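Here's the structure we're looking at; comments come further down.
The values are calculated or read from the model by the stated rules, or taken from the named source; none is laboratory data. All values reported here derive from a predicted model rather than from experimental measurement. Cβ placement follows ideal geometry from the backbone for every residue including glycine, while neighbour counts extend to all protein chains displayed.
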Amino acid sequence: MMKQHEKIYDLIGVGVGPFNLSLAALLDEVEEVESLFFEQNETFDWHPGMLIEGTKMQVPFIADLVTMADPTNKYSFLNYINKNERMYQFYFLQRLDIPRREYNDYCQWAAAQLNSCQFGKRVTNIRHYKDNEEMFEVEVTDLKQDEVHLYRSKNLIMGTGSVPVMPASFRDLPSEDVFHTADFLPNQDRCRKAESITVVGSGQSAAETFRELLKEQRDCQYRLDWITRSPGFESMEESKLSLEHFSPDYVDYFYQLPQKRKDEIFATQGLYYKGISNHTINDIYNLLYEYSVGREELDVGLQVLSEVRDVRPKQEGGYELECYHNQKKETFTHDTDVVIAATGYKPLVPDFVHHLADFLEWDDEGRYKVTADYRLVKNERTDNEIYVHSGISHTHGVGSTNLGLSIHRNKVIINHLVGREVYPISEKNIFQSFTV
């Protein structure tokens, strides 16, 4: 059964992650915009497989859904704290960073109040058509009712986020034995029963998973290894002036560079966003040090400079990892019961975006082109816009996935959508200059 909705919306959003949830919260007080946001999951849940107790956000709490645009907005984190009667507890906490589990709970609190955010609804197709007026037709499947609805909108906003990346050799193996860090918590009990566990990869997710396994390693008595092809377990660049790369000023500077130069620069900036936070490295080292007291032999291994090239099941059970030491140029093998891949994420470009392939412009690498104010570049002359949150690192740089910059992006999008300055945009936000 297909149901056609007659109302024409100003904006329809695909996906409800933090970026689109922020946009929905900021638009809630903009009367001239009627919007809907569709999310296929039944509730808001931000990386649920990595909501480990003790992990905390890597940005201050003021990088919530609304504060950096409007501190008086009712969907602010401080209002969430106040409504939950935890103001004094938070006051005595004396921290700018907050638990990751609390950030997720805060977003669920906001999402539950926003009628524009609809969950359990999967966008399955989008087409642009010209009738008496031009607009987008959005096909949405209600997963609970098993019904298809057709909505119409003048504009779209893509907030489809990212998906875990698994190397080819890690795929098609039993998911309870070989899985991504994104699925760590659902598989934690399996880890506790294993004889040996190996974390493959580096970065924050790898470190948090390793730290959690290390906490239980002596009680559960498994062998624990961490293998990375990187030259070391590298810490994230977190100095104050380096953090200014996550500013509107740097985004503006980066955007105006030639695309080839952007790709070269972005390839060198991994430690701005992919390294391990200093406090996590310290936690791991402190645990290792505690465990070594009394000359106790550790059943733990940390192997650098080594790429895992293949994962093969063994006849007697478990897996053999074929590894390559990239400085000694030697191959070696490593046996383990469980393999946890900390191999990152890639932007999710849904199939229906490719249905719009002729409508959009693409670069030589097959990536969509994006304007400075976060609109996909079109092949057709039309007033209908597709704004975008996901997959813009190649155009807007290292801060594209940063929560603090998402508010600035939403301010720019709202101002363009409405055609007036709803939210003021500051021209100077940092101390240093990236251009001459």
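Out of the residues in region 267-276 that are in contact (Cβ under 8 Å) with a residue 40 or more places away in the chain and surrounded by fewer than 19 Cβ atoms within 10 Å (Cβ to Cβ), which is nearest to residue 212 (Cα to Cα)?
If we filter region 267-276 for residues that are in contact (Cβ under 8 Å) with a residue 40 or more places away in the chain, which is where we start, we get 269, 272-276.
Subsequent filtering for residues that are surrounded by fewer than 19 Cβ atoms within 10 Å (Cβ to Cβ) retains 269, 274.
Working: 269: 27, 274: 19 Å.
Looking at residues that are in contact (Cβ under 8 Å) with a residue 40 or more places away in the chain and surrounded by fewer than 19 Cβ atoms within 10 Å (Cβ to Cβ), I get 274.
Take the conditions closer than 24 Å to residue 245 by Cα and crowded, with 20+ Cβ neighbours inside 10 Å and apply them to residue 65. Does it pass? Even if it seems obvious, please write down each step before you answer.
Working: closer than 24 Å to residue 245 by Cα: yes; crowded, with 20+ Cβ neighbours inside 10 Å: yes.
Spelling it out, residue 65 is indeed closer than 24 Å to residue 245 by Cα and crowded, with 20+ Cβ neighbours inside 10 Å.
Taking residue 286, is it surrounded by fewer than 16 Cβ atoms within 10 Å (Cβ to Cβ), within 14 Å of residue 207 (Cβ to Cβ) and modelled with pLDDT of 90 or more? Before you say what the answer is, go through the steps one by one.
Working: surrounded by fewer than 16 Cβ atoms within 10 Å (Cβ to Cβ): yes; within 14 Å of residue 207 (Cβ to Cβ): yes; modelled with pLDDT of 90 or more: yes.
Considered against the rule, which asks whether it is surrounded by fewer than 16 Cβ atoms within 10 Å (Cβ to Cβ), within 14 Å of residue 207 (Cβ to Cβ) and modelled with pLDDT of 90 or more, residue 286 comes out as yes.
If a residue counts only when it is assigned by TED's automatic domain parsing to the domain that holds residue 156, more than 23 Å from residue 399 (Cβ to Cβ) and acidic (Asp, Glu), which strands (runs of 3 or more DSSP E) contained entirely in region 1-87 have at least 1 such residues?
2-9, 35-39
Looking at the structure I just gave you, is residue 247 crowded, with 19+ Cβ neighbours inside 10 Å, touching a residue at least 40 places away in the same chain (Cβ under 8 Å) and more than 28 Å from residue 212 (Cα to Cα)?
On the way: crowded, with 19+ Cβ neighbours inside 10 Å: yes; touching a residue at least 40 places away in the same chain (Cβ under 8 Å): yes; more than 28 Å from residue 212 (Cα to Cα): yes.
So residue 247 fits the description; yes.
Can you report the number of residues in region 204-215 which are surrounded by fewer than 23 Cβ atoms within 10 Å (Cβ to Cβ) and within 20 Å of residue 308 (Cα to Cα)? Break it down into steps so the answer makes sense when it comes.
Step one: list which residues in region 204-215 are surrounded by fewer than 23 Cβ atoms within 10 Å (Cβ to Cβ), which gives 204, 211-212, 214-215.
Of the ones still in play, those that are also within 20 Å of residue 308 (Cα to Cα) are 204.
Adding up the residues that qualify gives 1.
Against the definition (in contact (Cβ under 8 Å) with a residue 40 or more places away in the chain, part of a strand (DSSP E or B) and over 23 Å from the mean Cα position of the chain (by Cα)), how does residue 310 come out, yes or no?
Working: in contact (Cβ under 8 Å) with a residue 40 or more places away in the chain: yes; part of a strand (DSSP E or B): yes; over 23 Å from the mean Cα position of the chain (by Cα): yes.
Taking the combined requirement at face value, the residue satisfies it.
Just checking: which of the helices (runs of 4 or more DSSP H) contained wholly in region 331-420 hold 2 or more residues that are outside the structural domain of residue 203 (by TED's automatic domain parsing) and hydrophobic (A, V, I, L, M, F, W, C)?
Numbers: elements: 351-354, 393-396, 403-418.
Correct list: 351-354, 403-418.
Go through region 26-46 and report how many residues are crowded, with 24+ Cβ neighbours inside 10 Å and more than 19 Å from the chain's Cα centre (by Cα).
Qualifying residue count, region 26-46: 1.
Could you list all residues from region 250-266 that are within 26 Å of residue 205 (Cβ to Cβ) and crowded, with 16+ Cβ neighbours inside 10 Å?
250, 251, 254, 262, 266
Which residue is nearest to residue 279 (Cα to Cα), if the candidates are limited to region 66-116 and must be in contact with a Lys or Arg (Cβ under 7 Å, 6 or more places away or on another chain) and charged (D, E, K, R)? I'd like the intermediate steps shown before the answer.
Pass one, region 66-116, residues in contact with a Lys or Arg (Cβ under 7 Å, 6 or more places away or on another chain): 69, 97-100.
Subset that is charged (D, E, K, R): 97, 100.
On the way: 97: 12, 100: 15 Å.
Only one residue fits best here, namely 97.
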